[in-house]
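Worksheet: one structure, shown below.
The values are calculated or read from the model by the stated rules, or taken from the named source; none is laboratory data. Quantities reported herein were computed from a predicted structural model and do not represent experimental measurements. Cβ sites come from the backbone with ideal geometry, for glycine too, and all protein chains shown count toward neighbours.
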Amino acid sequence: MQRTAKIERNTLETRISVGLNLDGTGTARLETGMPFLEHMLEQVARHGLIDLDIRAEGDLHIDGHHTAEDIGITLGQAVAAALGDKKGIRRYGHAYVPLDEALSRVVVDFSGRPGLAFGVEFPRARIGEFDTELFYEFFQGFTNHAQVTLHLDCLRGRNAHHIAETLFKAFGRALRMALEADPRMAGLTPSTKGTL
């Protein structure tokens, strides 16, 4: 069974299209108008072994808020659609990723209950043209629409680029672990409730 999805989200502020394959090879085709966010999404694809095709047009003449948030929302919807009933998956995933002086930890639970804990402080407000506040908006949109519990923590770091990159690499690795098939759970829902 292929775990793929294509979701479109069109509002007065943005037009977003996300296609993905959860069992891919880590390829990414990205056109968002936000180069640094694309660089981060490439990390998710490569380290999560998820094929991503994300196209976005947004009101970037105002700022990047709507576009970053709506990409997170649409990506979350696509992951949820591709995953289906969640039977047989590991459900939980975690990863620690270093980059030079920076170290981040990401933990995810495909619980069906959205909750975001964001323990990240950036030493500067912008990385190039990208507003670092928008990382929270991206992950909040993803969390709400993928219906996951997501904890992101930067344990140490001085360089804002390094901090962001460790977060997104760890996010990709944690997704990969949580979404993997667990042969001992084949056909079973990973919950004593019987549903997620």
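Are there any strands (runs of 3 or more DSSP E) wholly within the stretch 69-178 with 2 or more residues that are surrounded by fewer than 17 Cβ atoms within 10 Å (Cβ to Cβ), and if so which? Passing ranges, in order: 92-99, 115-119, 149-156.
Screening GLY48 on (1) among the small types (Gly, Ala, Ser); (2) touching a strand residue (DSSP E or B) at 6+ places or on another chain (Cβ under 8 Å); (3) surrounded by 18 or more Cβ atoms within 10 Å (Cβ to Cβ) shows it passes everything except condition (2). Of the listed requirements (1) of a type in the set (A, V, I, L, M, F, W, C); (2) assigned to a loop (DSSP other than H, G, I, E, B); (3) surrounded by 17 or more Cβ atoms within 10 Å (Cβ to Cβ), ILE54 misses just one: (2). Within the stretch 31-60, the residues that satisfy the criterion of being among the small types (Gly, Ala, Ser) and either at pLDDT below 95 or over 20 Å from ALA5 (Cβ atoms) (or both) are GLY33, GLY58.
Of all residues in the stretch 62-89, those that are under 17 Å from THR4 (Cβ atoms) have Cβ atoms under 9 Å from Cβ atoms of residues that are surrounded by fewer than 24 Cβ atoms within 10 Å (Cβ to Cβ) and basic (Lys, Arg), 6 or more apart or on another chain, in THR74/ARG9; GLN77/ARG9; ALA78/LYS6; ALA81/LYS6; ALA82/ARG3; LEU83/ARG3; GLY84/ARG3.
Pairs linking a residue in the stretch 174-185 that is modelled with pLDDT of 95 or more to a residue that is assigned to a helix (DSSP H, G or I) and not aromatic (Phe, Trp, Tyr), with Cβ atoms under 6 Å and 6 or more positions apart or on different chains, are LEU175/GLY48; ARG176/GLY48.
For the stretch 57-68, the tally of residues that are buried (at least 22 other Cβ atoms within 10 Å of the Cβ) and in a helix (DSSP H, G or I) stands at 2.
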